[in-house]
Structure formats: structure tokens, C-alpha cells
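See below for the structure under consideration.
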Amino acid sequence: MSAGVFEPSWVPPFERWYVAEEDLRRYDAKLGWLHAVAHGADLLGTLGLHPAVEPVQMLRLGIGRLLTPTPYVLRDMEDDRLAYALAITLTRDDLTDADATLWLDPAIRALSNPPVEGITPEVTNTVRTLRALYLLVDHGMRLPKADRLTPVPHGDAVKAKIVEVVRIVTPRYL
């Protein structure tokens with residue numbers, strides 16, 4: 001965060017765009033990498049680390065993106081990039097145990113009421129991203145420009161909540 005300028009007015013348009021973006025194509029032969037989920041995740045993580053942005057706001061935005069109905073299953077490491085953005089946001093010292101876990105409640109509600117058509121892409125995307133997040137929380141991750149692993153302060157609570165979410169759709173797995 002030592003380069004560039006941050007404008008608080010950028011956050012609301014980003015929040016509106018990230019959850020609402022429907023064009024989730026990855027690569028376009030004419031335009032190149034569109035990769036909205038991944039590029040948005042990179043900004044989410046940057047904002048999630050910024051002291052002027054509420055980390056809970058970014059965590060809620062991440063789960064909102066995952067739970068937004070879509071016909072696309074994430075690939076090309078998009079789920080990993082979003083998991084990393086959530087993980088680095090969870091390293092913020094100003095998060096409480098409740099802050100670090102309550103943002104997952106919408107996933108519990110959504111996955112507890114499965115659609116009749118079965119597992120939807122957004123459920124698949126949510127579970128895969130949360131599995132990657134669990135790994136990062138369990139082992140730590142490298143923050144931008146860091147040379148060592150950084151732990152998540154409320155890691156045990158976050159892991160327990162992730163297990164609670166994932167267990168809904170994969171009860172025999174955990």
C-alpha cells in the first residue's frame with residue numbers, strides 16, 4: 001500500500017459492479033483476459049488490507065459474489081484468487097472473532113436451502129473457494145511484498161465456520 005492513491009469514493013461502485021457483473025468469460029480472443037471474478041478479487045484483497053476500508057465490508061462482498069446466481073463454474077484459478085483475497089482480508093488486526101466468521105452466514109442460509117435442480121454453479125463456486133480459503137487459513141499465506149507466511153488471527157474460528165458451511169453439501173466429506 002505504499003504506492004498510489006486511495007479514494008474512498010471508489011469502494012461503492014466496485015461493490016455494485018463486483019456482485020452484479022454477469023460477464024464471467026475468462027479469455028476472449030479479441031479482448032484478452034476479462035476474468036472479472038479474478039481481477040475483482042485482486043481489488044477486493046487490496047481494499048481488504050487498506051486501513052480506510054472496513055474488512056467486514058470486503059468479506060461480505062466476497063461471499064456475495066460467490067452466492068450470486070450464475071451459469072458459470074469458476075476455473076482458471078478464479079476461486080483461488082478470491083480465496084486469497086478473503087484470506088488476506090482476514091489477517092486484519094481490527095477483526096473480532098464474530099467479524100471473522102459472521103460473513104459466512106449467508107452461505108449457510110443459501111446452502112441449507114438447496115434448489116430443486118440440484119447443485120448450482122454458485123454452490124460449487126462457494127464450496128471450492130471456501131476449501132481453498134480453509135487451506136490458506138490453516139497454513140497462512142504470503143501478504144503482498146511479505147517474505148514470510150502470515151497467520152489469520154482468528155484462524156480456528158474461521159476454519160470451524162468454513163467446515164460448518166462445506167459440511168452442508170458434503171456431509172460425508174468432513
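Just to be sure I understand: with springs between alpha-carbon atoms less than 10 Å apart, which residue in L44, L34, L90 has the highest mean-square fluctuation in the Gaussian network model of the chain? Most flexible of the set in this elastic network: L34. Note on R128, R65, R172, R26: ascending count of other Cβ atoms within 10 Å places them as R172, R26, R128, R65, the fewest first. Cβ crowding within 10 Å, taken as a proxy for footprinting-reagent exposure, orders W103, W10 from fewest neighbours to most as W10, W103. Taking the chain as a Gaussian network, Cα atoms linked when under 10 Å apart, which of G62, G155, G32 shows the biggest mean-square fluctuation? Comparing G62, G155, G32 in a Gaussian network model of the chain, the most mobile one is G32. Placing unit charges on the Cβ atoms of the charged side chains and taking the dipole of segment 88-174 about its Cα centre, the candidate lying farthest along the positive direction among I162, L135, A98 is L135. Sorting I108, I63 from the fewest to the most surrounding beta carbons within 10 angstrom yields I108, I63. Largest GNM mean-square fluctuation across D99, D23, D42, computed for the chain with C-alpha springs under 10 Å, falls on D23.
Extension gain E7-D97, at 0.36 nm per residue separation less the Cα-Cα distance, in nm? Walk me through the numbers before you get to the answer.
On the way: separation 90, 0.36 × 90 = 32.40 nm, distance 2.84 nm.
Using 0.36 nm per residue and subtracting the Cα-Cα distance, I get 29.6 nm.
Taking 7 Å steps out from each Cα toward its Cβ at A52 and D76 produces label points 3.1 nm apart.
In percent, what relative contact order does the chain have, based on Cα pairs under 8 Å that are 6 or more apart in sequence? Mind dumping the intermediate values first?
On the way: 213 pairs, mean separation 37.2, N = 174.
So the answer I get is 21 percent.
Its Cα centre serving as origin, segment 8-169 has a Cβ charge dipole (Lys and Arg +1, Asp and Glu -1) of approximately 280 debye. Centre-to-centre, using Cα atoms only, segment 98-172 and segment 49-84 are separated by 11 Å. Only alpha carbons enter this Debye calculation for segment 81-174, each as an equal point scatterer, and the log10 of I(q)/I(0) it gives at q = 0.10 Å⁻¹ is -0.27.
Readers should treat all values here as calculations from the given coordinates under stated rules, not as data from a laboratory. Source: prediction; values computed, not measured. Because the Cβ atoms are built from the backbone with ideal geometry, glycine has one as well, and the counts that use them run over all protein chains shown.
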